[in-house]
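Every number in this text was worked out from the coordinates using simple rules, so none of it is lab data. Please read these numbers as outputs of a predicted model, since none were measured by experiment. Cβ placement follows ideal geometry from the backbone for every residue including glycine, while neighbour counts extend to all protein chains displayed.
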Amino acid sequence: MDIAAEAVRSTLSYIVGNRDPVIDFFDTSTRPTPKMLDAMRTAPVGDDVYGEDPTVRELEAAAAGLLGTDAALFVPSGTMANLIAVMLHARNGEAVIGEARTHLLTAETGGVAAVAGVMPQPVFADRGVLLGEHVEAAMLPDDVHRPTAALAWIENTHNVAGGTVTTPGEVAGVVDVCRRHGLALHIDGARLFNAAVALGVPVSQLTRGATSVTIALSKGLGAPVGSLLAASRDDIARARRVRKMLGGAMRQAGVVAAAGLLALRRGVDHLAEDHARARRLAAALADVEDVDVDPLAVETNIVIARFPGRDAHDVVARLRDAGVKVAARPPDGVRLVTHRDLSDADVSSAVAAVRSAVTSKARIPAT
Ligand SMILES: *Cc1c(COP(=O)(O)O)cnc(C)c1O
């Protein structure tokens, strides 16, 4: 092996070996598997800006096949996939109707407004599940004072609402209203495979009638990097130009697409186990005094635990000190997401850490 290849190998083994001892409840934290690293090392590559990377092409074709669209585009992040979708379907000054807590409107740095110049029209929906009736109610009268709605937005599963699932019937209801009003429909399916596994249906059933779909390879599917935008051939041709404009066209991207292909083909295999672990985690946390968890609300791999009377950021810091990494859900909650790199033992240790974190502050410990 030559020196350069050896350097790559040792760098990669450093990445894999450099595991933080923390128990990490983020599904973005998974490390590439040895199989992924092998695939990355041996992937045929080319210049993807010119469409010459065979591994990227294979990934895009595989994603389109699974999602039931003509074509797909590999992008560096879900945020970019979503922004491109907005720019494809809505013009400057037009509106997007989406659930108020959806990732596009709460966690993408306002790109929808700042970059796309599109007006967010948020609607609150129970469990974060946008229904046809919400879109219908949000349609403003055709009036010179109002922005024109161009796009409806579904997030499946819904992250902030706690990994909640939108069913094919619910999607069909939104598709119906969109068709009636001439709206495009985008599905932010960063965790779409989790929804499909929870429902026991192929992902293509969840995308029926949508104009475009985002999926993330770097969440539950376990790849280190990357998302895909899937849509019609024409829309993907336009999306390729927008991606270039946003600076997201990559050169020998097959190196990362190779890991993405394995994620797409095999990443779904462990999702049912992740979901079972999330349910076990919720049931165990529900038994801890002063913690509010509804195990029945756990539909996929996300658990929201509330700590009444405490500050979410304080709980996150205490758990971090105890070796457990979770996300704050202010005012008094935290989010725990299960994934491939967590074991049953990790879940048990985390529950023990939560128990001591909430009982250590001059309280009578639960017996
Ligand atoms: C993570 C996530 C995104 C954005 O993905 P990045 O790759 O982090 O930019 C979009 N939508 C949802 C629902 C997500 O959970």
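Structural remarks
- The chain, relative contact order in percent, only Cα pairs under 8 angstrom and at least six apart counted: 22 percent
- Residue of Val354, Val96, Val144 that the Gaussian network model of the chain assigns the largest fluctuation, springs spanning Cα pairs under 10 Å: Val144
- Shape of the chain, Cα gyration tensor, a/c cut at 1.5: oblate
- Amide H contacts of Lys325 (H built 1.01 Å from N, in plane; Pro and chain starts excluded): Ile23, Asp24, Phe25 sit under 5 Å, all sequence-distant by 5 or more or on other chains.
- For the options Ala64, Ala237, Ala345, a Gaussian network treatment of the chain with springs between C-alpha atoms closer than 10 Å singles out Ala345 as fluctuating the most.
- For region 101-237: rounded, prolate or oblate by the Cα gyration tensor [a/c cutoff 1.5]: prolate
- Amide hydrogen neighbours beyond the local backbone of Ala100, cut-off 5 Å, H modeled: Val123, Phe124, Ala125
- Under the Karplus curve 6.51 cos²θ - 1.76 cosθ + 1.60, θ = phi - 60°, whole-Hz ³J(HN,Hα) for region 91-103, x wherever Gly or Pro sits: 8, 3, x, 7, 10, 10, 9, x, 4, 4, 9, 5, 3
- Database remark: amide H of Ser29 closer than 5 angstrom to no amide H (H placed geometrically; neighbours at sequence offset of 5 or more, or on other chains; Pro and chain starts carry no H).
- Structure remark: mean-square fluctuation, Gaussian network model of the chain, C-alpha springs under 10 Å; the largest value among Asp332, Asp47, Asp142 belongs to Asp142.
- In this simple spin-label approximation, Arg320 and Glu289 carry label points 7 Å from Cα along the Cα→Cβ vector, and these lie 2.9 nm apart.
- Computed extension gain for Arg91 through Ala114, at 0.36 nm per residue and net of the alpha carbon distance, reaches 7.0 nm.
- Centre-to-centre separation between the Cα atoms of region 300-337 and those of region 235-263: 34 Å.
- Whole-Hz Karplus values for region 31-39 come out as 9, x, 6, x, 4, 4, 5, 4, 5 Hz, taken residue by residue from phi with 6.51 cos²θ - 1.76 cosθ + 1.60 and θ = phi - 60°; glycine and proline positions read x.
- Hz values of 3J(HN,Hα) by residue in region 300-306 - Karplus curve (6.51, -1.76, 1.60), Gly and Pro given as x: 9, 10, 10, 10, 9, 10, 10
- With coordinates expressed along the principal axes, the C-alpha atoms belonging to region 138-199 extend over 44, 22, 13 Å, beginning with the largest.
- The Kirkwood hydrodynamic radius of region 36-152, based on inverse pair distances between different Cα atoms, is 16.6 Å.
- Put a plus charge on the Cβ of each Lys and Arg, a minus charge on the Cβ of each Asp and Glu, and nothing anywhere else: the dipole of the chain about its Cα centre is then about 420 debye.
- Square roots of 5 times each gyration tensor eigenvalue, C-alpha, region 250-367, largest first, Å: 31, 16, 12
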